[in-house]
1. Output wanted: per-residue J couplings in Hz (rounded whole) for region 246-251, from phi through Karplus 6.51 cos²θ - 1.76 cosθ + 1.60, θ = phi - 60°, x for Gly and Pro.
2. V457 to A345: FRET efficiency via 1/(1 + (r/R0)^6), r the Cβ-Cβ distance, R0 56 Å, to the nearest 0.05?
3. Between E408 and D450, take the C-beta separation as r, use R0 = 35 Å, and let me know the FRET efficiency to the nearest 0.05.
4. What ranking of C77, C246 emerges when the number of other C-beta atoms within 10 Å of each C-beta is taken as an exposure proxy, fewest first?
5. Given R₀ = 25 Å, what would the calculated FRET efficiency be for E40 paired with R75, taking r from the Cβ atoms and rounding to 0.05?
6. Rounded to the nearest 500 deg cm²/dmol, what is the calculated helix-only ellipticity per residue at 222 nm for the chain, with -39500 (n - 2.57) per DSSP H run of length n ≥ 4?
7. May I ask you to compute the full-extension gain from K235 to L210, defined as 0.36 nm times their residue separation minus their alpha-carbon distance, rounded to one decimal in nm?
8. In debye, nearest 20, what is the charge dipole magnitude of the chain about its Cα centre with +1 on Lys and Arg Cβ and -1 on Asp and Glu Cβ, if you could check?
Amino acid sequence: MIKAAEESTQSKCPELTMDNFISGLKRRNPGETEFHQSVEEVMTYLIPYVQLHPKYRKAQILERLTEPDRVIIFRVCWQDDHDAVRTNRGYRVQFNNSIGPYKGGLRFHPTVNLSILKFLGFEQIFKNSLTTLPMGAGKGGSNFNPKGKSDDEVMRFCQAFMTELSKHIGEDIDVPAGDIGVGAREISYMFGQYKRLKNEFTGTMTGKGLEFGGSEIRTEATGFGCIYFMREMLKHQSDGLEGKQCLISGSGNVAQYAALKLIQLGAKVVTISDSSGFVHDPDGLDEEKLEFIIDLKTVKRGRISEFADHYKLKFYDKQKPWSIPCDLAFPCATQNELDEADAKALIKNGCQGIAEGANMPVTIGAIKSFQNAKLLFSPGKASNAGGVAVSGLEMTQNSIRMSWSSEELEQRLVEIMTNIHQQCIRYGSEKDYVDYVKGANIAGFVKVADAMLAYGVL
Ligand code: NDP
Ligand code: 2IT
């Protein structure tokens, strides 16, 4: 008897319903809960859309879209500072290259597993398509934990990781970048090792240092883009960011620059967090406090409680910031960090809008609560697309061996985020509400699906 997990997507050709589709997906990908969740969110909108457009159904586009092109899993061996041999697992999920080379970040975190990387790679298909740049979708990483490791240990790990990954990537094949636990330091070690192994200097990674092919604004792009997206959503309601009370979770790359742009545009940021808890600053962060946070997190690699201690602010141990009254909320840490109970607290306290800076930080139940209450809500694939968009611009600059100014790049970032907002309005507008989740999913889908149709059966 064929085992359930081995059955082909087409074996029974069931009627296209949400239940049939999701139960088939779960059977073929047992235990991959984050992947199931991200597909479920997307299919809520794509199944009705495909039912109205039979050309996609006939070509089984949804089934093909949820099966990665390939998944590479490998052993990563390295030696720690005590000469002990350590073994981690490395991954690259090459999800879909219909509209360009695979493109997406690498995550180094102890929780990394195949389910998480498949959900992230799947989301990247739609996000990268929304940017309008020619980028396919991939994601990778390792269960390696950079926390508490010395720079030398991180270097040895990154070199070992790239020794295998280098066989599968390239500027026209697959172009990785950063994500959780992978910032400037890790990218530099990995790019250096790639250059050494291949004896070539090509733009095969993005997020590089400015001295060796990196782009201005890439560090800021995801956080800045998220705030520009919120500004567009508010503008659509004849409102603005000025004076808005904002909650941010996380204190990494995305959170830092979301906070900076909010401050620059006259909003007030009253929380910031890490995996140990959150800090409440009723007066609001200013640029000096933010500089302290950026140094604490990227140079000293300390805990956010040290920021609270330094400025005598209240630190809420092991708690999330969502119970603090606010106008706007920006979850910028990790997946499923804002659940239905948190959503209810935000709604009760008068929150007006939520933009995802992280990937899938809001659970499906919480999204439904926000939508039922008619709050502004943007999914990460729209509102955090600024990072990969500037990565795409870094690829262009590398190809033409030029670099553009930060003013020019920020202007392009604003245009891209505004354009994504317009695409969401086009595909997501309903009678008295804009469903940005619907808009982003359908707009992101159409370009990729049409390319897949054009290629025939592959
Ligand atoms: P960083 O590693 O720079 O920062 C991650 C932040 O999230 C840290 O404050 C970290 O806290 C916190 N965090 C991580 N895991 C958890 C957890 N399990 N529970 C609570 N807090 C957690 O990563 P980024 O800022 O780059 O990424 C943040 C999110 O944004 C991710 O979802 C990522 O996929 C997404 N994203 C990133 C982009 C980029 O360009 N970097 C682009 C688009 C999306 P601690 O320090 O305690 O670990
Ligand atoms: O989730 C994401 O979009 C990223 N981590 C950035 C990917 C990229 O290639 O810049």
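Each value in this text was obtained by applying a stated rule to the coordinates, not by laboratory testing. For clarity, every value in this text was computed on a predicted model and none was experimentally measured. Cβ sites come from the backbone with ideal geometry, for glycine too, and all protein chains shown count toward neighbours.
1. Rounded to whole hertz, the list is 10, 9, 10, 10, x, 8.
2. Working: r = 49 Å, r/R0 = 0.87.
FRET efficiency, V457 to A345: 0.70.
3. On the way: r = 31 Å, r/R0 = 0.87.
Computed FRET efficiency for E408 and D450: 0.70.
4. Values: C77 13, C246 26.
So the ranking, lowest neighbour count to highest, is C77, C246.
5. Details: r = 32 Å, r/R0 = 1.29.
The value I calculate is 0.20.
6. Details: 17 runs with 219 residues, N = 458.
That comes out to -15000 deg cm²/dmol.
7. On the way: separation 25, 0.36 × 25 = 9.00 nm, distance 3.38 nm.
Here the segment from K235 to L210 would lengthen by 5.6 nm.
8. Numbers: 54 positive and 57 negative charges, 229 e Å.
Dipole size: approximately 1100 debye.
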